[in-house]
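Colleague: What follows is a structure written as structure tokens; I'll ask about it next.
The values are calculated or read from the model by the stated rules, or taken from the named source; none is laboratory data. Note that this is a predicted model, so its numbers are computed, not measured. All Cβ positions, even for glycine, are placed from backbone atoms using ideal geometry, and neighbour counts span all protein chains on display.
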Amino acid sequence: MKTAVIVFPGSNCDRDAQVALKASFGGEPVMVWHGDADMPAVDMIVVPGGFSYGDYLRSGAMAATSPIMREVVKRANAGVPVLGICNGFQILTESGLLPGALMRNAGLKFVCRDVHLRIERNDTMFTSRYTQNTAIRIPIAHHDGNYFADADTLAMLKGENRIAFRYCDGNGNLSDDANPNGSIDHIAGIYNEKLNVLGMMPHPERLMDPALGGTDGTALFEGLVEALAA
Amino acid sequence: MKAKVHVMLKNGVLDPQGKAVENALGSLGFDGVQDVRQGKVIELTLNETDIETARTNVAQMCEKLLANTVIENYAIEIEG
């Protein structure tokens, strides 16, 4: 299976994504430069973390206008799975693939540590290897991860069961203490309507090797491989 | 022709930076500040000479890029 990682000036998790995709999918991912208007046919696209365009104007705003993002939007609408991690999530909201916005963390500080996420549903191609309502441990590293959506959008996300992950404690319980950035309703990740686009602030690609402290991220990529092979 | 765009977080959207500035003002002894909201100003120099056309164009720029209307409002000031 072929995969692609989009590379913007200022991306810094593109290589982590590359390593994660290679470890799970096998083949060498295509690294696609932001200025390209096209890319080969691929089965899966990652929009990686980092500080695309130096976070100028708003995190993700400039990247959303880049030539390659028009193609990513087209592919996503055609059903190709797209995973936006951290800055990638910000870019997906700015490009209109996902609703809402990521604002400055409520505590104003850059937060870099492991958090727990509750698996809200495990019947999507991204989460089939996880158990619903259990907690996994995944690192975050962001300044603008405070998810916001207006009341109507939030109601829609809940009604359509499109919340992927919520920040929780180690036992899966939601609390303000376990919410690292003030995200509305503890939201750490959301799906698009067709469930083929996932945006999340935490970094599953950073926790896939025991030598790096854990492997809770592995199941996300393995689940994708299984779903796409089926 | 010059245009100034003021981008502000919508009312009801928490502005943590404004809150921090408000607290800092209080700790400096400036009492009586009820609320602080922080935004940004973007200045544009345009070739356009017609005020109404300029306003329309800048509004489109705001909708497409300069503001994120999920969380922000914008106001346009045209200076002849």
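Colleague: For segment A:153-200, which positions are in contact with a Pro (Cβ under 6 Å, 6 or more places away or on another chain) and assigned to a loop (DSSP other than H, G, I, E, B)?
Modeller: A:196
Colleague: Let me ask another. Looking at segment B:63-71, can you tell me whether even one residue there is part of a strand (DSSP E or B), within 14 Å of chain A (Cβ to nearest Cβ) and in contact with an Asp or Glu (Cβ under 9 Å, 6 or more places away or on another chain)?
Modeller: Here is the first cut: in segment B:63-71, the residues part of a strand (DSSP E or B) are none.
No, there is no match, as no residue in segment B:63-71 is part of a strand (DSSP E or B), within 14 Å of chain A (Cβ to nearest Cβ) and in contact with an Asp or Glu (Cβ under 9 Å, 6 or more places away or on another chain).
Colleague: Restricting to segment B:1-32, and then to whatever is under 20 Å from the mean Cα position of the chain (by Cα) and either more than 14 Å from chain A (Cβ to nearest Cβ) or loosely packed, with under 11 Cβ neighbours inside 10 Å (or both), can you tell me which residue is modelled with the lowest pLDDT?
Modeller: Step one: of segment B:1-32, the residues under 20 Å from the mean Cα position of the chain (by Cα) are B:1-22.
Remaining after also requiring either more than 14 Å from chain A (Cβ to nearest Cβ) or loosely packed, with under 11 Cβ neighbours inside 10 Å (or both): B:1-4, B:6, B:11-12.
On the way: B:1: 94, B:2: 96, B:3: 97, B:4: 97, B:6: 98, B:11: 90, B:12: 85.
The extreme case among them is B:12.
Yes/no per residue for (1) within 14 Å of another protein chain (Cβ to nearest Cβ); (2) within 24 Å of residue B:19 (Cα to Cα); (3) within 16 Å of the chain's Cα centre (by Cα):
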| residue | (1), (2), (3) |
| --- | --- |
| A:106 | yes, yes, no |
| A:117 | no, no, yes |
| A:144 | yes, yes, yes |
| A:150 | yes, yes, no |
| A:155 | no, no, no |
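Colleague: In segment A:172-214, what residues are within 17 Å of the chain's Cα centre (by Cα) and under 14 Å from residue A:19 (Cβ atoms)?
Modeller: A:203, A:204, A:205, A:206, A:207, A:208
Colleague: Still on this model: Please go through segment A:132-158 and give me each residue that is among the polar types (S, T, N, Q) and closer than 25 Å to residue A:16 by Cβ, ordered by number.
Modeller: Restricting attention to segment A:132-158, the residues satisfying the condition of being among the polar types (S, T, N, Q) are A:132-134, A:146, A:153.
The answer is A:134, A:146.
Colleague: Output the number of the condition that residue A:95 fails; it satisfies all remaining conditions of (1) out of contact with any strand residue (DSSP E or B) (no Cβ under 6 Å at 6 or more places or on another chain); (2) buried (at least 21 other Cβ atoms within 10 Å of the Cβ); (3) under 23 Å from residue A:208 (Cβ atoms).
Modeller: (3)
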